[in-house]
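The values are calculated or read from the model by the stated rules, or taken from the named source; none is laboratory data. These numbers come from a predicted model, not from an experiment. Because the Cβ atoms are built from the backbone with ideal geometry, glycine has one as well, and the counts that use them run over all protein chains shown.
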Amino acid sequence: MYYKNSDDEILWNDFRSGSKEAFEYMYRKYVGILYNYGFKICQDKMLTKDAIQEVFLSLLSKYDKVSITNSIKLYLFKSLRIEIFKKLKAEQPFTDLLLVDADFSMEYSAEDKMIEDEITMIRIRELAKVIEVLPRRQKECIYLRFYEGMTYQEISDIMDIEVSSVYKMIYKAIEKLYENLAMKNGNLFL
């Protein structure tokens, strides 16, 4: 396919010019990772699918009005996050979603990680247990930074918080993980 080796700028500009091929390629390329991210936010398959559909329908209907972006992934993640919170707010109109410490699911797929070493398996299980006790926003920062490889600035843009807050959240999450893992396992993680 034409866009396979092209950068985001070419793909986005073609999409903004009305290219159906660019839109289809963008959809195929990002729908899976958007679903994974969206489901981690709300743990609701239908809401996640609906939100993704809304994001892409909005893009399709306003393709000539969307802003320029350096990162399609960043643009889509932020749009999806906004759409999910809008849908959650509609379902629970009297709840301040920023104050609710809803779960942000962090699951580890056997398909993604083929681990042969038994010590590594133990470490991952322990890490998953410890991550689950982190506050939702810290888990989200950890996911975006270490699983999606996003920069601190990109995370700041997606979560609509200051970059310094992202640094603090990730630092506190890592510090908490280190403390909990060290306490649980002695020097297993050192």
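What the table shows:
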| read-out | value |
| --- | --- |
| Only one of K62, K40 that is under 18 Å from L144 (Cβ atoms) and among the basic types (K, R) | K40 |
| Residue match in region 39-47 (condition: closer than 14 Å to K73 by Cβ, among the aromatic types (F, W, Y) and surrounded by 16 or more Cβ atoms within 10 Å (Cβ to Cβ)) | no |
| Meets criteria (within 30 Å of E132 (Cα to Cα) and buried (at least 19 other Cβ atoms within 10 Å of the Cβ)) for L74 | yes |
| Identity of the residue in region 14-26, without any contact (Cβ under 8 Å) to a residue 24 or more places away in the chain and assigned to a helix (DSSP H, G or I), that ends up surrounded by the fewest Cβ atoms within 10 Å (Cβ to Cβ) | K20 |
| Residue in region 35-48 that is among the polar types (S, T, N, Q) and at pLDDT 90 or above present | yes |
| Residue in region 90-101 that is at pLDDT 90 or above and assigned to a helix (DSSP H, G or I) present | no |
| Among residues of region 63-84, those that are modelled with pLDDT of 90 or more and out of contact with any Cys (no Cβ under 9 Å at 6 or more places or on another chain), counted | 12 |
| Close pairs (9 angstrom Cβ cut-off, 6 or more residues apart or separate chains): outside any loop (DSSP other than H, G, I, E, B) and surrounded by 15 or more Cβ atoms within 10 Å (Cβ to Cβ) in region 123-137, aromatic (F, W, Y) and at pLDDT below 75 anywhere | R123/F189; E126/F189; L127/Y108; L127/F189; R136/F104; R137/F104 |
| Scan of region 27-74 for residues that are in contact (Cβ under 8 Å) with a residue 60 or more places away in the chain and closer than 19 Å to D157 by Cβ, ordered by number | I33, Y37, K40, I41, T69, N70, S71, I72, K73, L74 |
| Checklist (1) modelled with pLDDT of 80 or more; (2) in a loop (DSSP other than H, G, I, E, B); (3) closer than 30 Å to F15 by Cβ applied to D112, failing item | (1) |
